[in-house]
Each structure stands twice: as structure tokens, then as C-alpha cells.
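A quick write-up on the structure given underneath.
The values are calculated or read from the model by the stated rules, or taken from the named source; none is laboratory data. As the structure is a computational prediction, the values presented were derived from the model and not from experiment. Because the Cβ atoms are built from the backbone with ideal geometry, glycine has one as well, and the counts that use them run over all protein chains shown.
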Amino acid sequence: KSSWEWRASQVSHWRSLSSLKSGKNDIDLLSMTVGLKNYGSFFDRQGAGITGPVKLKGFNGGEKDLSSQQWTYQIGLKGEHLQFYTGENPATAPWTSGADLPKNQPMIWYKNTFDAPDGNDPIALNLSGLGKGIAWVNGQSIGRYWPTYIAPASGCTDSCDYRGGYSSGKCQRNCGQPSQELYHIPRSWVQPTGNVLVLFEEVGGDPTQISFMTRTVKTVCSHVSETHLPPVDLWHVIAKSGSEGTKPKPELRLHCPSSGQVISSIKFASFGTPKGKCGSFIHGRCKTNTAVSIVEQACIGQQSCSVEVSTDKFGDPC
């Protein structure tokens, strides 16, 4: 059971102002940049922030254009300056706790504490209940989140071919799905107990839907072709090699990420023209009968293994 705390900044968008006073009036505008254009012609000229005119309407003499007035510009938020993201300094960040947690409210800070999940498996934070913002764990930023950014519902295909001219519509997948829901938290940032999670939610969401997950890697895959380059750590051998016959060849490499894990079985191995993807590989027209035994001999019982990918090693598949 968790008890959330929050601190909010109320932001209003006015279409009319009725509280103007005689003399000098101040107008404060808060602007958020929701992504930047990163390709296409003249994308560097695309504006961000308040790029259009600012006008006051409703005066007897018509509207008043404030665009040419002297404006001042300030970046960041007060909460950033006061380091709300550390979860400390209750005097400068008067967190409010209680059962009546504000939900679906923009421009609000949330804080909670949690204990580390058992084990040593990688930790992920599921933020599918939130809108858009930034997350910190123990004062360390794990980056921006935006699970409400949904991919178009159509345009995905089962086949993928990048050949030919560039098109942003090529090889689309996960249509209709959020851009991202799970966010990695390095184990080195997490203490056994008393960890602090701080969120700055920009558009509104429900923090009670946040959950922690661990991922245990049970299956690893590798797909390497004879036309691939050798591993990068062997390139110095290529640079020193004096003849074509002694140059390193591509390698299939497998590695169990967690300490104490070893490769226990080989579910599929094929040298030739296999098809499919991790978890659903099938043999192609050409294949050798020795692939499974060769990979088993090199990998079973090991945390890491490598096998040269060549006809010298596996034989001619066709």
C-alpha cells in the first residue's frame, strides 16, 4: 500500500481577461514543447513555443496587439529550481499527502516511496496510466515518458524491406500501441528499501496505475549472416591481417545477462536460409544437419559463447 504526495501548479488558459486593472498589468504565459520536428526540408526553421501574435480582445476600441511589447523569457519551473525531483527539502517543497489524490491534473508533481523488487533481475517502471512528463528515482532522471503518444492504428505490415528510397512508412510495427510503456531503472540506482520516485506530470494522468516489473530473460536469440562484419572487438585483427585467409569471420554470439545464468538448451539452430524472428524461426530451403550439435557443443553450460558463421564451420547448406 502506498501513500502518494503531490504538489501542483495550476495553469489556466484564458480566452478573455476580465481582471485587468487601470495602469500596468502583467501577463504570464507557460509554454510546453511537445516534440520537435526532426526530418524533412527546412525542419530547422520550425518554430516552438509561442510563435504567433498575442492579442487582447474585447476593448471598446478593438483589439490590442501585445506582440511588439517588451517580453521577458525564463526557462524551467520553480520545482526544478528547488529540486523537487530529489524528494527531499519538505520546507521548500510542501508536499501534501492524503487519500484524495489529484488525478488527471496538468502541471503537477507526485512523490512516492518504494522498496526494491526481490532478486537481481532488471527493473522496469510501467507508466501506462500517465500522460506525459519526466520521472526521477532517488534524484536520478530516468528520462521523459509519453505513453499517451499512440502510433497510428493502420500502416503496419508483416513484411519489412528497407531497400529503395526512404519513406517514414516503411517497416512500421506496433500500430495503435503507445510509443513506450516500460521504462528501465538501473539496479545500481536502487536501494533495498526507502527509494523515492518523483514524477512531474505535464498533461494529466493517474499515478495510482503505476507499477513495477522485473524481467527475467529466459530466451536469447542471434541472427548472423556470412555477409555480416566480424564483431567489433576483432577489427584490430583485420587491420593487422596480411592475407585474406586469416581475417576473422562473422560470429554468432549468445550471452545470459544475469550472473549465475547459463545456457541450458538450444531450441533452434540453422545454417542456410532460415526465416522468421526470435521465438518463431523456421528452416528455409537450404540447411545443414550439423547446426544444432555444433551450437550445443559450444554453448551448453556456458554463460557466453560464440560460433564462427561460415561454411568451413557448418558445411555447405545447399
Working carefully through the options K170, K111, find the one that is farther than 18 Å from M32 by Cβ and part of a loop (DSSP other than H, G, I, E, B).
-> K170
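Quick grid of which residues meet (1) within 30 Å of L125 (Cα to Cα); (2) among the charged types (D, E, K, R); (3) touching a residue at least 12 places away in the same chain (Cβ under 8 Å):
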position	(1), (2), (3)
S222	yes, no, yes
F271	no, no, yes
I282	no, no, no
V307	no, no, yes
P317	no, no, yes
Run V203 past the list (1) touching a strand residue (DSSP E or B) at 6+ places or on another chain (Cβ under 6 Å); (2) within 30 Å of S154 (Cβ to Cβ) and report the number of the one that doesn't hold.
-> (1)
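Please verify whether G79 is outside any loop (DSSP other than H, G, I, E, B) and either in contact (Cβ under 8 Å) with a residue 60 or more places away in the chain or farther than 30 Å from I150 by Cα (or both), treating the condition exactly as stated.
Answer is yes for this residue.
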Specify which of the listed residues (Q69, Q105) is more than 29 Å from S188 (Cβ to Cβ) and surrounded by 15 or more Cβ atoms within 10 Å (Cβ to Cβ).
-> Q105
Any idea which of S128, S141 is of a type in the set (G, A, S), touching a helix residue (DSSP H, G or I) at 6+ places or on another chain (Cβ under 8 Å) and not in a loop (DSSP other than H, G, I, E, B)?
-> S141
Tell me, which residue of segment 44-72 that is under 36 Å from the mean Cα position of the chain (by Cα) and of a type in the set (D, E, K, R) is nearest to D28 (Cα to Cα)?
-> R45
How many of the residues in segment 280-318 are over 24 Å from L229 (Cβ atoms) and either in contact with an Asp or Glu (Cβ under 8 Å, 6 or more places away or on another chain) or among the aliphatic types (A, V, I, L, M) (or both)?
-> 3
Applying the selection to segment 275-313, what residues are within 16 Å of V220 (Cβ to Cβ) and not hydrophobic (A, V, I, L, M, F, W, C)?
-> G276, K277, G279, S280, E296, G301, Q302, Q303, S304, S306
Flagged pairs (Cβ under 8 angstrom, 6 or more apart or on separate chains; first in segment 124-152, touching a residue at least 40 places away in the same chain (Cβ under 8 Å) and under 21 Å from Q177 (Cβ atoms); second of a type in the set (D, E) and part of a strand (DSSP E or B)) are L130/E201; G131/E201; K132/E201; G133/E201
Residue satisfying condition, being closer than 16 Å to I210 by Cβ and in a loop (DSSP other than H, G, I, E, B), within set Q74, Q70, Q105 | Q105
Flag for I238 being at negative phi, modelled with pLDDT under 95 and assigned to a helix (DSSP H, G or I) | yes
Of the residues E226, E202, E296, which single one is at pLDDT 90 or above, more than 34 Å from the chain's Cα centre (by Cα) and not aliphatic (A, V, I, L, M)?
-> E296
Go over the candidates V220, V196, V292 one by one and state the one that is surrounded by 17 or more Cβ atoms within 10 Å (Cβ to Cβ) and either on the phi < 0 side of the Ramachandran plot or not polar (S, T, N, Q) (or both).
-> V196
Is one or more of the residues making up segment 252-259 modelled with pLDDT under 80 and either under 17 Å from I294 (Cβ atoms) or of a type outside the set (D, E, K, R) (or both)?
-> yes
Would it be correct to say that S41 is exposed (fewer than 10 other Cβ atoms within 10 Å of the Cβ), over 30 Å from N112 (Cβ atoms) and either modelled with pLDDT of 80 or more or touching a Phe, Trp or Tyr at 6+ places or on another chain (Cβ under 8 Å) (or both)?
-> yes
Residues K287, K247: which one is surrounded by 12 or more Cβ atoms within 10 Å (Cβ to Cβ), charged (D, E, K, R) and in contact with a helix residue (DSSP H, G or I) (Cβ under 8 Å, 6 or more places away or on another chain)?
-> K247
Checking S179 against (1) surrounded by 11 or more Cβ atoms within 10 Å (Cβ to Cβ); (2) modelled with pLDDT under 90; (3) over 14 Å from P147 (Cα atoms), which single condition isn't satisfied?
-> (3)
